[in-house]
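Presented below is the structure to which this report refers.
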Amino acid sequence: MLRIENISKIYKRGHKEALKNINLTIKEGEFTALLGQNGAGKTTLINILAGNVHKTEGKVIIGGYDLDKNPLETKKIMGIVPQEIGQDYIFTVEDMLRKQSGYFGIKNNDDYIDELLEALSLQDKRKSTTRQLSGGMKRRLLIAKALVHKPKLLILDEPTAGVDIELRHSMYKFLKKLHAEGTTIILTTHYIEEAENLCKRIIVIDHGEIIADEPKEKLMDIFSQEIDVRFEFDYDIDIEDFDFLNGYEPIVKNNRNLYIKVEKNNLSKLMKVITDKGLNFIDIDIKRPKLEDIYLNLIKS
Amino acid sequence: MKIFYNRLGFTVLLYREIHRFFKVFIQTIFAPLLSNILYLAVFGGVLKTREVGIEGVNYLHFLVPGLTTMGALMAAFQNPSFSLISQKFQGTIQDINSYPISDVEKSLAYILGGTFRGLLVGSLTYIATVPFVGFGIKNIPLFIFSIILTSFIFASIGLICGLTLDNFEKMNFILAIVITPLSYLGGVFFEVSKLPGVLSHVGNINPIYPLVNITRYSYLGIAEGNILLHGILAFVFLSASFITSIILFRKGIGIKVR
Ligand SMILES: Nc1ncnc2c1ncn2[C@@H]1O[C@H](COP(=O)(O)OP(=O)(O)OP(=O)(O)O)[C@@H](O)[C@H]1O
Ligand SMILES: [Mg+2]
């Protein structure tokens with residue numbers, strides 16, 4: 001669906017090297033998160049795909065079409081939700097979406113426009129101009145605009161920035177539905193739980209380079225070698241009773257909770273040691289690391 | 001790369017450019033019309049007693065095609081330049097990069113939108129003069145053609161300015177420092193040959209000069225200078241402005257980041 005080969009970008013203004021030799025292939029039907037700190041180069045990459053930024057080097061193939069040779073074909077395949085919210089002072093929401101359909105060569109798209117407005121909870125704003133919309137509504141309008149031509153590849157640059165929790169969740173539902181219907185989706189976000197909840201593949205970009213690109217589970221696996229386990233007892237315990245766990249950094253908290261750190265592949269061994277000792281715990285939980293921790297780890301290293 | 005790719009997309013973009021100025025018709029149609037009528041009243045009143053214009057021609061009749069041309073070219077210039085600069089201002093300019101519409105189609109949509117506004121304001125200006133001077137165009141098809149030609153050239157120049165300038169101050173500067181003086185020196189209100197010294201030669205590099213004279217020729221049957229030469233110059237200005245605007249669009253000047 002998308003192939004990026006050796007893309008680099010040095011901005012003329014400021015001579016900033018925003019991307020360094022990026023290589024990336026996205027298959028049809030993937031749902032990918034692009035993570036990275038402010039200024040990492042996410043928007044630059046998206047803007048190159050969108051034709052807003054000239055790349056310095058490299059090649060981009062979108063849906064089988066070369067961005068340099070067949071730019072117009074690539075436009076039909078992509079829908080892009082930009083990071084910056086524009087303001088159109090003149091046209092109404094409905095007007096704008098109809099024109100947008102027209103630009104893509106689609107006549108009489110009202111049924112689908114209605115569907116989009118409904119899905120993005122904008123039905124009662126169809127006669128408003130964007131000036132009359134709130135920030136979150138404008139963002140949802142941008143999503144509607146990117147979708148009128150039913151793109152196969154949807155790229156969203158921080159679609160949920162400034163959107164309230166409830167609407168964010170309805171947006172997740174909507175994106176999941178689009179994905180289930182076959183749309184390939186790439187999304188950037190600073191809400192890590194969003195990537196964790198939606199995406200199957202995580203790409204982390206830092207200072208213009210891809211520093212991680214893995215299926216979500218695998219990424220979490222790699223960085224979750226060590227896991228925290230908590231045992232709870234219904235009687236008071238003493239740290240001295242757990243000498244035999246010395247290698248696992250045991251800690252006792254609140255007299256009844258025992259915390260242990262263990263390598264993932266030693267987990268069953270630990271369980272055996274504990275049951276062999278005949279310890280009577282009443283509760284256990286294993287803390288899986290959050291993507292957020294992994295991410296922070298990655299960009300620190 | 002195809003020159004014509006998406007006819008519906010082009011038509012909708014052209015429609016957008018026209019729809020946009022109709023939504024603010026007070027500023028875009030009514031205001032220039034009013035100012036042109038004021039010109040007619042004031043200049044016509046003041047200058048008709050002086051020795052300006054073509055000998056043997058009523059000064060008001062001399063002035064009408066000048067004002068019509070000026071009305072058309074100002075409106076045509078402002079439409080694409082204002083449209084693009086306001087899209088830059090609104091942060092929506094890059095939308096245009098996402099449409100599957102060819103560069104030639106995009107340029108033409110902006111230019112023809114401006115041409116339409118120029119034709120509209122030019123025609124209305126002419127119609128507004130009819131109560132003062134009566135109806136009387138020697139060659140109606142040439143008159144209309146000349147307004148369209150003028151509008152097309154200045155819409156192209158407007159597109160060039162809209163792409164290369166990044167704010168309204170710069171655009172107003174161009175209007176006040178370049179276009180308006182060129183109209184005054186281009187034979188709108190009086191003959192260029194009556195201007196003192198070097199100014200009388202400015203006509204040859206001023207795109208407004210041949211255009212005013214072609215319109216005036218179609219209206220009166222006579223004009224200053226050689227009408228054939230005016231025609232050739234107009235064609236040169238037409239090609240140069242149109243080709244430049246397409247090249248700038250293709251290069252993404254003002255709409256893509258390098
Ligand atoms: N138009 C531009 N001209 C010059 N430098 C730019 C331009 N746009 C971005 N940059 C620089 O390129 C680098 C990458 O910026 P980019 O916008 O791609 O980051 P990002 O990952 O999208 O960040 P954020 O999370 O803040 O949106 C930054 O150092 C930025 O200053
Ligand atoms: Mg960004």
Handout entry: Residue match in segment A:269-278 (condition: outside any helix (DSSP H, G or I) and modelled with pLDDT of 85 or more)
Key = no
Practice task
Would you mind telling me which numbered condition in (1) more than 21 Å from the chain's Cα centre (by Cα); (2) more than 16 Å from B:GLY254 (Cβ to Cβ); (3) within 12 Å of chain A (Cβ to nearest Cβ) B:VAL104 fails?
Solution key: (1)
Completion exercise
Per the list (1) among the aliphatic types (A, V, I, L, M); (2) open to solvent by less than 10 Å² (accessible area, probe 1.4 Å); (3) within 16 Å of ligand 2 (Cβ to nearest atom), residue check on A:ILE202 breaks on (3)
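Have a look at B:PHE135, B:PHE145 and point out the one that is open to solvent by 40 Å² or more (accessible area, probe 1.4 Å), among the aromatic types (Phe, Trp, Tyr) and over 23 Å from B:GLU17 (Cβ atoms). So that I can check it myself, show each step before the final result.
On the way: B:PHE145 fails: over 23 Å from B:GLU17 (Cβ atoms).
After ruling out the rest, the residue left standing is B:PHE135.
In segment A:21-76, how many are assigned to a helix (DSSP H, G or I) and either among the β-branched types (Val, Ile, Thr) or more than 26 Å from A:TYR172 (Cβ to Cβ) (or both)?
From segment A:21-76, those assigned to a helix (DSSP H, G or I) are A:42-50, A:71-76; that's our starting set.
Remaining after also requiring either among the β-branched types (Val, Ile, Thr) or more than 26 Å from A:TYR172 (Cβ to Cβ) (or both): A:43-44, A:46, A:48, A:71-76.
Total meeting the criteria: 10.
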Fill in the blank from the handout: The lone condition A:THR189 fails out of (1) more than 15 Å from ligand 1 (Cβ to nearest atom); (2) more than 18 Å from A:ARG3 (Cα to Cα) is (1)
Handout entry: Members of segment A:28-42 that are more than 8 Å from ligand 1 (Cβ to nearest atom) and either acidic (Asp, Glu) or at positive phi (or both)
Key = A:GLU28, A:GLY29, A:GLU30
Exercise for the section: Check B:ILE227, B:ILE247 and return the single one that is at pLDDT below 95, at negative phi and open to solvent by 30 Å² or more (accessible area, probe 1.4 Å). Expected result: B:ILE227
Handout entry: Failed condition for A:LEU116, given (1) hydrophobic (A, V, I, L, M, F, W, C); (2) more than 8 Å from every other protein chain (Cβ to nearest Cβ); (3) within 29 Å of B:ARG250 (Cβ to Cβ)
Key = (3)
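Scan segment A:43-53 and give yes if some residue there is within 14 Å of another protein chain (Cβ to nearest Cβ), among the small types (Gly, Ala, Ser), closer than 30 Å to B:ARG7 by Cβ and more than 16 Å from ligand 1 (Cβ to nearest atom), otherwise no.
no
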Exercise for the section: Could you tell me whether segment A:185-193 includes any residue that is under 27 Å from A:ILE284 (Cα atoms), assigned by TED's automatic domain parsing to the domain that holds A:LYS20, among the charged types (D, E, K, R) and surrounded by fewer than 16 Cβ atoms within 10 Å (Cβ to Cβ)? Expected result: yes
Completion exercise
Those residues of segment B:1-18 which are more than 8 Å from chain A (Cβ to nearest Cβ) and in a loop (DSSP other than H, G, I, E, B) amount to B:ILE3, B:PHE4
Problem - Residue ID - nearest to A:THR183 (Cα to Cα), chosen from residues in segment A:1-27 that are among the β-branched types (Val, Ile, Thr) and buried (at least 16 other Cβ atoms within 10 Å of the Cβ) - result: A:ILE26
Completion exercise
Exception for B:LEU182 within (1) over 20 Å from B:MET74 (Cα atoms); (2) at pLDDT below 95; (3) open to solvent by 40 Å² or more (accessible area, probe 1.4 Å) falls at (1)
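Quick one: in segment A:2-17, of everything that is part of a strand (DSSP E or B) and of a type outside the set (Val, Ile, Thr), which residue is nearest to ligand 2 (Cβ to nearest atom)? Full working, then the answer.
Just the residues of segment A:2-17 that are part of a strand (DSSP E or B), to begin with: A:2-10, A:17.
From what is left, the residues that are of a type outside the set (Val, Ile, Thr) are A:2-3, A:5-6, A:8-9, A:17.
Values: A:LEU2: 18, A:ARG3: 22, A:GLU5: 22, A:ASN6: 22, A:SER8: 18, A:LYS9: 13, A:GLU17: 16 Å.
Residue satisfying both the conditions and the ranking: A:LYS9.
Please determine, by comparing only the residues of segment A:28-51 that are away from ligand 2 (no atom under 12 Å from the Cβ) and over 21 Å from A:MET220 (Cα atoms), which one is surrounded by the fewest Cβ atoms within 10 Å (Cβ to Cβ).
Initial filter on segment A:28-51 (away from ligand 2 (no atom under 12 Å from the Cβ)): A:28-33, A:48-51.
When the remaining residues are screened for being over 21 Å from A:MET220 (Cα atoms), the result is A:28-29, A:48-51.
On the way: A:GLU28: 12, A:GLY29: 14, A:ILE48: 25, A:LEU49: 21, A:ALA50: 22, A:GLY51: 24.
The selected residue is A:GLU28.
Going through segment B:191-206 one residue at a time, which ones are open to solvent by 10 Å² or more (accessible area, probe 1.4 Å) and under 17 Å from B:LEU67 (Cβ atoms)? I'd like the intermediate steps shown before the answer.
Just the residues of segment B:191-206 that are open to solvent by 10 Å² or more (accessible area, probe 1.4 Å), to begin with: B:191, B:193-202, B:204-205.
Within segment B:191-206, just B:GLU191 meets the criteria.
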Exercise for the section: Could you tell me whether B:GLY53 is within 14 Å of another protein chain (Cβ to nearest Cβ) and either open to solvent by less than 10 Å² (accessible area, probe 1.4 Å) or of a type in the set (A, V, I, L, M) (or both)? Expected result: no
Exercise for the section: Tell me which of these B:ILE177 doesn't satisfy, since it passes every other one: (1) under 14 Å from the mean Cα position of the chain (by Cα); (2) outside any loop (DSSP other than H, G, I, E, B). Expected result: (1)
Practice task
Name the single residue, out of those in segment B:235-258 being of a type in the set (A, V, I, L, M, F, W, C) and within 11 Å of another protein chain (Cβ to nearest Cβ), that is farthest from B:GLY158 (Cα to Cα).
Solution key: B:VAL257
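Looking only at segment A:58-74, which residues are at the interface with chain B (Cβ under 9 Å from one of its Cβ atoms) and either within 13 Å of A:ILE7 (Cα to Cα) or open to solvent by 20 Å² or more (accessible area, probe 1.4 Å) (or both)? So that I can check it myself, show each step before the final result.
Going through segment A:58-74, the residues at the interface with chain B (Cβ under 9 Å from one of its Cβ atoms) turn out to be A:69-74.
Passing the criteria: A:LYS69, A:ASN70, A:PRO71, A:LEU72, A:GLU73.
The values are calculated or read from the model by the stated rules, or taken from the named source; none is laboratory data. As the structure is a computational prediction, the values presented were derived from the model and not from experiment. Cβ sites come from the backbone with ideal geometry, for glycine too, and all protein chains shown count toward neighbours. What goes into the accessible areas is simple: the full protein's heavy atoms, side chains included, and nothing from ligands, DNA or RNA. Shrake-Rupley method; radii C 1.70, N 1.55, O 1.52, S 1.80 Å.
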